[in-house]
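All remarks here apply to the structure that follows.
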């Protein structure tokens with residue numbers, strides 16, 4: 001008989017919570033586990049590998065939906081090409097690049113309005129940050 005892990009053991013080995021494992025199962029990122037006679041979830045070594053795959057994919061920015069697609073590619077390695085997998089990863093990379101640009105624009109705008117503020121003891125009615133945000137809101141209403 002293959003060595004099975006209970007959910008708590010799998011959680012400990014992977015460093016995720018039991019709730020996370022149940023969530024992954026519910027999202028169909030993990031296969032339905034075997035059950036012991038007493039109803040405990042029993043996971044095999046393949047599931048341990050799947051959880052590790054999920055965690056590594058999350059660490060490089062893939063969403064859970066992306067990970068489901070990647071797992072499908074993983075299962076069908078024989079039918080997939082490196083080109084299709086690379087295209088998938090490149091699309092995620094472009095998405096991250098776009099987010100970085102957006103964050104840089106946000107940072108620059110916030111830096112400008114923060115630098116313009118005196119930060120003194122004047123009442124906030126004279127606050128350049130609040131004024132800039134309010135005027136920005138008015139400008140966007142006109143567009």
Filtering the range 30-44 for residues that are touching a residue at least 12 places away in the same chain (Cβ under 8 Å) and either closer than 21 Å to residue 69 by Cα or crowded, with 16+ Cβ neighbours inside 10 Å (or both) leaves a count of 7
Pick out the one residue from 62, 53 that is in contact (Cβ under 8 Å) with a residue 12 or more places away in the chain and either in a helix (DSSP H, G or I) or in the same structural domain as residue 99 (by TED's automatic domain parsing) (or both). 53
Determine which single condition residue 80 fails, assuming it passes every other condition in (1) assigned to a helix (DSSP H, G or I); (2) surrounded by 11 or more Cβ atoms within 10 Å (Cβ to Cβ). (1)
Which numbered condition trips up residue 86, out of (1) in a helix (DSSP H, G or I); (2) within 23 Å of residue 10 (Cα to Cα); (3) without any contact (Cβ under 8 Å) to a residue 40 or more places away in the chain? (2)
In the range 3-29, which residues are touching a helix residue (DSSP H, G or I) at 6+ places or on another chain (Cβ under 8 Å), in a helix (DSSP H, G or I) and surrounded by 14 or more Cβ atoms within 10 Å (Cβ to Cβ)? 7, 10, 11, 14, 18, 20, 21, 22, 24
Within the range 54-71, residues within 15 Å of residue 93 (Cβ to Cβ) and out of contact with any helix residue (DSSP H, G or I) (no Cβ under 9 Å at 6 or more places or on another chain) come out as 59
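Hey, among 110, 100, 93, 48, which residue is closer than 26 Å to residue 4 by Cα and either in contact with a strand residue (DSSP E or B) (Cβ under 7 Å, 6 or more places away or on another chain) or not in a loop (DSSP other than H, G, I, E, B) (or both)? Don't jump to the end; show me each part of the working.
On the way: 110 fails: closer than 26 Å to residue 4 by Cα; 100 fails: closer than 26 Å to residue 4 by Cα; 93 fails: closer than 26 Å to residue 4 by Cα.
Selected residue: 48, the only one of 110, 100, 93, 48 that is closer than 26 Å to residue 4 by Cα and either in contact with a strand residue (DSSP E or B) (Cβ under 7 Å, 6 or more places away or on another chain) or not in a loop (DSSP other than H, G, I, E, B) (or both).
For residue 71, are the conditions met, namely being under 17 Å from the mean Cα position of the chain (by Cα), surrounded by 13 or more Cβ atoms within 10 Å (Cβ to Cβ) and not in a helix (DSSP H, G or I)?
On the way: under 17 Å from the mean Cα position of the chain (by Cα): yes; surrounded by 13 or more Cβ atoms within 10 Å (Cβ to Cβ): yes; not in a helix (DSSP H, G or I): no.
Answer is no for this residue.
The values are calculated or read from the model by the stated rules, or taken from the named source; none is laboratory data. The structure presented is a predicted model; accordingly, all values stated were derived computationally and were not measured. Quick reminder, even Gly has a Cβ in these numbers, built from the backbone with ideal geometry, and neighbours come from all protein chains shown.
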